[in-house]
Amino acid sequence: MKKYFLIYISFILSLSLVADPLIDTNQVSPKIDSLEGVLFNALSIDLSAPEKISICNALAELYSGISNEKRVEYASRSLKLAEEINDAALQIKPLEILGYTYRRLDNYEKSIKYYSKLIEIYKANNNEIEEANTLKEIGYSYFHWSKYVEANTKYEEALEIYKKHQYFEGIAGVLRGIAAILMHWGEYGEALNYNQEALKFWEEIGDKEGMAGSYNSIGMLYQELDSLDRASEYYNKSLKIFEELGSNWDIVNMTLHIGDIYLKKQFYNKALEYYFRADSIGKQVGNKKLKSITLSNIGEAYNLKGDYIKALDYQQKALELKEEIGDKKRLTITYTEMGIIYNNIEDYAKALKFLNKGLDIAKEINFKYQINKCYKSLSEVYYNISNYKKSLEYFKLYIEGFEQIYSEESKHTIAELQTIYQLEKKSKENERLRHNEQLNTAQIKNQQLIIGFVIFILIGSFILASIFHSRYQQNQKLNIQLSLKNKEIEHQQENVLNLNAELKEANAAKDKFFSILAHDLKNPFSSLIALSNMLIEEYNIFSEEERKQFIMQIKDSSENTFSLLQNLLEWASAQTGKTKLVREKMDMYKISEETIALLKPAAKNKNISIYSNIPGNTFAYADKNMISTVLLNLVSNAVKFTPHNGKVEINSIVENQDIKIQVSDNGVGISPENIKKLFLLGQKIQTKGTDKETGTGLGLVLCKEFVEKNDGNIWVESKEGEGSRFYFSLPKT
C-alpha cells in the first residue's frame, strides 16, 4: 500500500516542479488538494519524516503566487520536522522558502533570521558559494528594510567570496545591489559604474533576467538625473525581457517606471494609464509594498492634474499600507507628497506637518534626493504664508543640495564612465579571447596525453581536427561580433558627446543663477545694513528730511530685494520642473485689464497713460498664472522706462492659430547691444528707469521661460529714444 502511495507522491512532486501558479491556478489546485490529502493520511500510510518534509516543501512551492501565508505554514512544518530529526540538509529548502516569503510579506526581521540560520548550515559544510548567495539575500532584505549600511556590509562580504571562486553570476548580482545603495546615497557616478560592470557579466553568461535587472537599474539612474529619454529606452528593454520571462512582479515594476517617465514629461493621463495597468497586473502578485507604491504614484499623478481630492485619497491609502509594513523610504515619499497636496489646497498647517515628517525620516535614512525635495517644498509653503525668512532659509538648503547632487563633477563622471565603458569593452573582449585561447590550448594538450594512452592515434587525430575546426568557426564568429561592437562604440561615442554638450549647457545656466543669487542679494542687503547702522548710530546728526530720505532708500531697496527674491523663486521653480503647467482657455482682455489695475498707482506717479486695445473674448490657450506674470513684467518695464506724461499700450493681433500680444511704449528705447542680452540669464543690463528705478535682472528671463513653456515665442523691437515694442505669441487652442 505504502509503495503505491509513494509512487503517486513522486508523480505529484514531479508535476509541482513545472507548475506556474501565477499562470493557471486551476491546474495547481488539484495538485495541492492531492498532496494535502496524502499529508492528512500520513499516519495510516506510515510516511517517514523525510517523505513528509518533501510533501510540505512541494506544497509550499505550489502555493507560490497564491498564498504567502500558506507558503509560510508548510515551510514552517517542513523545518520543524527537519529539526526534530536533526537533519541539516533537509532544513535548507524550508529555510530558503521562509527567508524569501517573509521578505515578500515585508517582514524583513524574520526574513533575515531564517537566512542567518541558512548561513550557519553552509558554513558548517564549507559551502562558500551558497553562503555568499545567502549573504546576498540578507543584503537584499536589509535594502528593502531601508537599512542601507547593513545591506552594503552583507553585499561586500558576499562579493569577496564570489571573487575568490570566480563566480560571475554572483558577482553581477552583488554589483547591482551595491549600485542601488550608491544611487540612494546620491553617488550617481559610482552607481552607473557598478551597474555597467554587472551588465557586462550578465551579457557574458547570457543571463536574460540579470540583464533585464541591470537595464532597470540604469534606467532608474537616468530618471534620477532627468535624462528621461535614456531612462525610457532602458525601461522598455527591461520590460520586453520580463514579459518574455513571464515575471509578473517585475512587469508591474517596469510598468510603474514607464508611467513615471510620462509623469515627469507632464503627460498625466498617459502616466495614469500605465499606473492603473500596473495595479491590475499587481493584483495577481498580492504584495503590500508593490500595492502601496502603485497607489502613491496614482495619487501623485492626480495631484499634478489638479484633482486634489483623488490625490489625497490615494496617498492616504498608500500611507496606511506603508505604515503597516514600516517602509521608511516609501513613507518619506508619501509624507512629502501629502504635504505638497495640502500646500496646493492652502491648508498650510497640515502641509508643514507632513513635510516635516517626511524630512525627518529622509534625514534618518540619508535619502538625499527626498531631503532636497522636502527643502524645496517647505520653502514654497513658508513663502505662501509670507514667512520669507524661513522660505529663504529652506531655499538656500535646497540650492546647496541641488548643487551637491547635480554637480558638474557628478555628471561629468557619468559621461566619462560611459565613454570608458564602451572603449574598454573591445579591449576586454580581446583579452578574454586570448585567455580562452590559452585555456583551450592547455586543454587540448591534456586531451592528447589521455587519448594517447586509451585510444588509437587515428581516433585521436580525428578529434583534434574536429576541435580545431570548431575553434576556427568560433573565431570567425567572434571577429564578426568584434566588428559590430566597433560600430556600436562609435555610435555610443556620438551619444556621449551630445550628452556632454547638454550637461555643459545646464551647468552654465546653474553657474549664472548662483552668480545672480550671490551678487544681487548681497548688494541690497549690504546697503540696507549700512543705512540702518547710520540711522541707529548717528540719528541725531541728520535732519528730519535726511532721515526721511534714508528711510525711503531702505524702503526702495527692500522692495527691490523682495521683487528679486520672488523672481528667483519662480525662476528656480520653473527650472526644476516643479511649476505646474495648467493650460486653459483664457480671455486676454480680462488679463490685460487686471494688469492695468495693478500698475495704475505706479503709472499715476509718473502721469503715464496705460491703454488696452484688446477686444473682449480674445481667447488664448495657456497657463493663466504664467501669462499674467509675463504681461505684468512687460507692462511694469514699460512704465519704468517711459518718461513722465508718456503712454503705454497693449494690443493684440490674431494670426492663423496664434495670438500675438504687443506691449509698446514711447520711452527711452533699447540699444542693439542690450537687445541681444535681454532674455539671457546672467547678462546684467545697467539701464535704470526714468525715475532711477532699478530692475532685478530676472524679469525678462522669467517671461521667456513662461512663454516658451506655453508653446509661444517672445521678442522685442526698439530704437533708442523712440520707445520699445515687446511681443509674445500664444496658441489659440
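No lab work stands behind these numbers, since they all come straight from the coordinates. Predicted, not measured: the structure shown is a model, and the values here were computed from it. Here Cβ is always computed from backbone atoms with ideal geometry, including for glycine, and neighbour counts include all displayed protein chains.
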Practice prompt. State which entries of Lys110/Lys147; Lys555/Lys604; Lys585/Lys676; Lys70/Lys93; Lys80/Lys117 exceed 23 angstrom in Cα-Cα distance in the structure shown.
Written response: Lys585/Lys676
Worksheet entry | Low-density loop positions, GluC sites (Glu not before Pro), the stretch 329-386 - DSSP coil, at most 13 other Cβ in 10 Å | Glu346
Discussion item. Can you tell me how the stretch 103-226 classifies by the Cα gyration tensor, rounded, prolate or oblate, using a/c under 1.5 as the rounded cut?
Written reply: oblate
Fill in: Electrostatic dipole magnitude of the stretch 583-731 [Cβ: Lys, Arg +1; Asp, Glu -1; Cα centre; debye, to 20]
400 debye
Worksheet entry | Segment His165-Lys265, length gained on full extension (0.36 nm per residue, minus Cα span) | 31.4 nm
Worksheet item: For the stretch 583-731, rounded, prolate or oblate, judged on the Cα gyration tensor with a ≥ b ≥ c (square roots of eigenvalues), a/c < 1.5 rounded, else prolate if a/b > b/c?
Response: oblate
Worksheet item: Non-local amide H neighbours of Ile659 (under 5 Å, H modeled in plane, Pro and chain starts lacking H): which ones?
Response: Leu730, Lys732
Response to the item:
Once phi for every residue in the stretch 283-296 is put through the Karplus expression 6.51 cos²θ - 1.76 cosθ + 1.60 (θ = phi - 60°), the whole-Hz ³J(HN,Hα) values, with Gly and Pro written as x, are 5, 6, 8, x, 10, 5, 4, 4, 5, 5, 5, 4, 4, 4
Response to the item:
Residues meeting the amide H criterion for Ser612 (H placed from the backbone, H to H distance under 5 Å, 5 or more places apart or on another chain) are Ile650
Response to the item:
Residue by residue through the stretch 298-304, the couplings from Karplus 6.51 cos²θ - 1.76 cosθ + 1.60 with θ = phi - 60°, in Hz, x for Gly and Pro, are 4, x, 5, 5, 5, 4, 5
Discussion item. I need the peptides 142-154, 303-315 ranked by packing, meaning the mean over residues of other C-beta atoms within 10 angstrom, with the highest value on top.
Written reply: 142-154, 303-315
Worksheet, complete the sentence: Taking a ≥ b ≥ c as the square roots of the Cα gyration tensor eigenvalues, with a/c under 1.5 meaning rounded and otherwise prolate when a/b beats b/c or oblate if not, the stretch 153-244 comes out oblate
Worksheet, complete the sentence: For the stretch 719-725, in residue order, the Karplus 3J(HN,Hα) values (coefficients 6.51, -1.76, 1.60; θ = phi - 60°; whole Hz; Gly and Pro = x) are 10, 4, x, 10, x, 9, 10
